[in-house]
1. Based on a Kirkwood Rh over C-alpha pairs, give the Stokes-Einstein translational diffusion coefficient of the range 84-131 at 25 °C and viscosity 0.890 mPa s in µm²/s.
2. Spelling out what I want: for every residue of the range 36-49, take phi, set θ = phi - 60°, compute 6.51 cos²θ - 1.76 cosθ + 1.60 (Karplus), and round to whole Hz; glycine and proline get x.
3. If I model a spin label as a point 7 Å beyond the Cα along the Cα-Cβ vector, how far apart are those points for Leu3 and Leu110 in nm?
4. Given the peptides 45-57, 104-116, 28-40, arrange them by the average over their residues of other C-beta atoms within 10 Å, most packed first.
5. Label points 7 Å out from Cα along the Cβ direction at Leu53 and Tyr26: separation in nm?
6. Which whole-Hz ³J(HN,Hα) couplings does the range 101-113 yield from phi under the Karplus relation 6.51 cos²θ - 1.76 cosθ + 1.60, θ = phi - 60°, glycine and proline marked x?
Amino acid sequence: MNLYFAVFIESLKSTLWPALSEVYAYAMQAFGGYNMPLAMCMSVTGVTVAGLLLWAAARFMVPAVATKRSARYERLKQIMQRHGKWLLLFTFSPAGFAIAIAAGLFHVPLRIATSLMVVGAAVFYGLVLLV
């Protein structure tokens, strides 16, 4: 069970130090005897929690930036909410931390952010771990 927790922790940290969770997952797959769907769920949960923590930090703890509501900020906010939210499918990637912070800063709704993060991570880890 400790290796499953390690996959979760490495996935949680993967937004800052990418590819570590994949190393654990490949080792689990190579040595066998592990429940790979459980490892995938732990990885998806870790990436999603990390992305949501960054989203929340940008959304609620950066009021100084958000108070400077210029026309440019409002335009970027509209673009992010309309088109940029789809980038949240890639929060598992090395640039995922920046995507999650931008989504929080430009007020992408929590429900949309969470669902896109989960879907993106599930597809990625499903391909990595189960195929």
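1. On the way: Rh = 10.7 Å.
Calculated translational D: 229 µm²/s.
2. Per-residue couplings from phi come out as 5, x, 5, 4, 5, 4, 5, 5, 4, 5, x, 5, 5, 4 Hz.
3. So the two model labels end up 3.6 nm from each other.
4. Working: 45-57: 20.9, 104-116: 17.2, 28-40: 13.8.
Final packing ranking: 45-57, 104-116, 28-40.
5. Distance between the two pseudo-spin positions: 2.5 nm.
6. 5, 4, 5, x, 5, 9, 6, 5, x, 4, 4, 5, 4
Bear in mind that the values in this text are calculations on the coordinates, not laboratory data. These numbers were taken from a predicted model, which means no experiment stands behind them. All Cβ positions, even for glycine, are placed from backbone atoms using ideal geometry, and neighbour counts span all protein chains on display.
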